[in-house]
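The values are calculated or read from the model by the stated rules, or taken from the named source; none is laboratory data. Everything numeric in this text was worked out from a predicted model, so none of it was measured. Every residue, glycine among them, receives a Cβ derived from its backbone with ideal geometry; neighbour counts consider all protein chains shown.
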Amino acid sequence: MTTTTPPAGGVVPAADKAPKAAEQRRRPARRTSTPLTIAMLAVLAYFLLPLLWLLIASTKSTRDLINTFGLWFSDAPQLLTNIRLTFTQDDGVFAHWLLNTVLYAGVSAVGAAILAAAAGYGFAKFRFRGNGAAFNLVLGAVMVPATALAIPTYLLFAKVGLVNTPWAIILPSLVSPFGLYLMRVYAQDAVPDSILEAARMDGAGEFRIFSQIVLRLLAPGLVTVLLFTLVATWNNYFLPLIMLNDPDLYPVTVGLSSWAAQAQNGGAGASSDMLALVVTGSMISVIPLVVAFLMLQRYWQSGLATGGVKQ
Amino acid sequence: MAKHLARPRSAGPLFIAPFMALFLLLFLAPLGYAAYLSLFQEKLVGGTSFVGLDNYVTALKDPQLREGVIRVATFFVIQVPLMLLLALLFALALDSGLLRLSRVIRLGIFVPYAVPSVVATLMWGYLYGPDFGPFAQLSDKLSLPAPHFLTDSWMLGSLANIVTWEFVGYNMIILYAALRTIPQDLYEAAALDGAGAWRIAWSIKLPALRPALTLTLLFSVIGSFQLFNEPNLLLKIVPDVIDSSYTANLYAYTLAFTSQQINYAAAVSFLLGLLIVIISYAFLLTANRRRPA
């Protein structure tokens, strides 16, 4: 029997320093295992090969896509031609789609992160009537399926004239129940009561305390919510599919799927080139999020650590 | 002193007000509206009339809905345990400190999460392709019969593969992040007591992962039963394999936007939502009961 008691889910050290300290302590202690490394590299191949295929495929013409081996380049690589064709097809509608996606996802992510941070802080650090009930109500909403919500939201938006406008995508994305949950858990640990007390003693107003002290302490959690809302909105397909019918308003996801449908249907005329455009467009649309994740990984990983451990 | 205490108490609701206002408008109002809609029926003659729970009775007897629900339930029972087990194994491997290139491996497995499901599905759809997909090309070169990923009997598995590819990394990161917060002294104490790597994984790491596992399981319940994007996109490639009621969610969408049966669609989505809530709560209750006090 071990004398240690397993932690029952309550262990949350300050999330930003724990992983670093652990990594430093662990590195010199143990040897590495070659078989395990090889096994995990095989696993890695499964996850990266499709993306490698996408990258290679985006250098091919539609004809080469069909006639040459998928995981190697053709004799006549034409990545730049494909990119040019992607951006000039249908009067440059692809650039519209990219900009729309950036707009919808950017505004939603920033808005959702700030709303969740303020509310999470409010729930974590203030006692008021209905605190628990309101929080549980929001948490329960995580389980409401997107369809149950999307269809009536569409009908309501149709009544007030929001359908087929950017707001139809942005507004619903501003409310992130999971973001609120994460921010509440995060605020509980990352914002010491003593700092709040001290600031209040110094006569700082609640809003000033929030904007100048609390937001900074919440930064890793904030980045996490921001990034995950960004992904959710960037990758959203269902909502824009329902809400938008003007191709100029489409985000990349709906746009690409409409091109894919054209490529599927048409063997003749202009659409015979669609396959290469779908592939190249897909490749282009993947890059920004991957870059965002790689650049911000230090923040979102520590932010997730808190949310995943506590309940 | 009394004044000093009163201020923060009154500020709390102000901080949550913007979020709650939008929540009421964009979550509760549509839900209420859907509940209201689901009680009506549009008749060819006489317009819309109140029918009480008729739509729900019809839905419970609807074979298309039943098939869709059974299909996503099958998908859930097979795909989710597999995905979470893989995520758990990967997280433990990364946390073991035995890996070279662990950072590269960790981020590489996570990367598919950042790929839009539309792109992932289109990509896998082409990879699966019977004519020019690399799998078909390889088996052609080796004179083997080409795998039929996009046929009726393979489709659920092919979908499961896409979803697994997309979400293993996300779940792995949540579990890995939870593992990193276990204090090192626990391992040292256990090692002193003679516990090996497996014993430590079983007796320390797994119990500590329970909340994180519950969280990933919860997301997976919601995700599986809402399955829409992947089948909806593959439907365009192989319409004879995937029909418009292939999953429950796809069926609700078709009812609302193709058949214009808004009221019935509302009832169907409500039932689906109810099912998800019931299953989620069942998992939450089991997880909470098992947790040591």
Residue hits (segment A:112-141; more than 7 Å from chain B (Cβ to nearest Cβ), within 28 Å of residue B:266 (Cβ to Cβ) and either at pLDDT below 85 or within 22 Å of the chain's Cα centre (by Cα) (or both)) are A:112, A:139, A:140
Listed by range, helices (runs of 4 or more DSSP H) wholly within segment B:192-293 having at least 1 residues that are charged (D, E, K, R) are B:197-200, B:206-225, B:229-237, B:262-290
Just a yes or no: is a residue in segment B:116-131 facing another protein chain (nearest Cβ under 8 Å) and surrounded by fewer than 18 Cβ atoms within 10 Å (Cβ to Cβ)? yes
Among (1) farther than 30 Å from residue B:206 by Cα; (2) without any contact (Cβ under 8 Å) to a residue 12 or more places away in the chain, which single condition is residue B:58 missing? (2)
Of the listed residues (B:259, B:244, B:203, B:224), the one being surrounded by fewer than 21 Cβ atoms within 10 Å (Cβ to Cβ), among the polar types (S, T, N, Q) and either within 16 Å of residue B:67 (Cα to Cα) or in contact with a Gly (Cβ under 8 Å, 6 or more places away or on another chain) (or both) is B:244
Can you find even one residue in segment A:159-166 that is assigned to a helix (DSSP H, G or I) and either free of Cβ contacts under 8 Å to residues at least 12 places away in the same chain or surrounded by fewer than 16 Cβ atoms within 10 Å (Cβ to Cβ) (or both)? yes
Looking only at segment A:29-59, count how many residues are facing chain B (nearest Cβ under 7 Å), among the polar types (S, T, N, Q) and surrounded by 14 or more Cβ atoms within 10 Å (Cβ to Cβ). 2
Quick one: count up the residues across segment B:262-293 that are loosely packed, with under 15 Cβ neighbours inside 10 Å and facing another protein chain (nearest Cβ under 7 Å). 2
Within segment B:132-167, can you find the residues that are more than 12 Å from chain A (Cβ to nearest Cβ) and of a type outside the set (A, V, I, L, M)? B:139, B:143, B:145, B:147, B:148, B:149, B:151, B:152, B:153, B:154, B:157, B:158
Out of the residues in segment A:197-254 that are charged (D, E, K, R) and part of a helix (DSSP H, G or I), which is farthest from residue A:183 (Cα to Cα)? A:248
Going through segment B:225-254 in order, the residues found to be over 19 Å from residue B:74 (Cβ atoms), free of Cβ contacts under 8 Å to residues at least 60 places away in the same chain and at the interface with chain A (Cβ under 9 Å from one of its Cβ atoms) are B:236, B:253
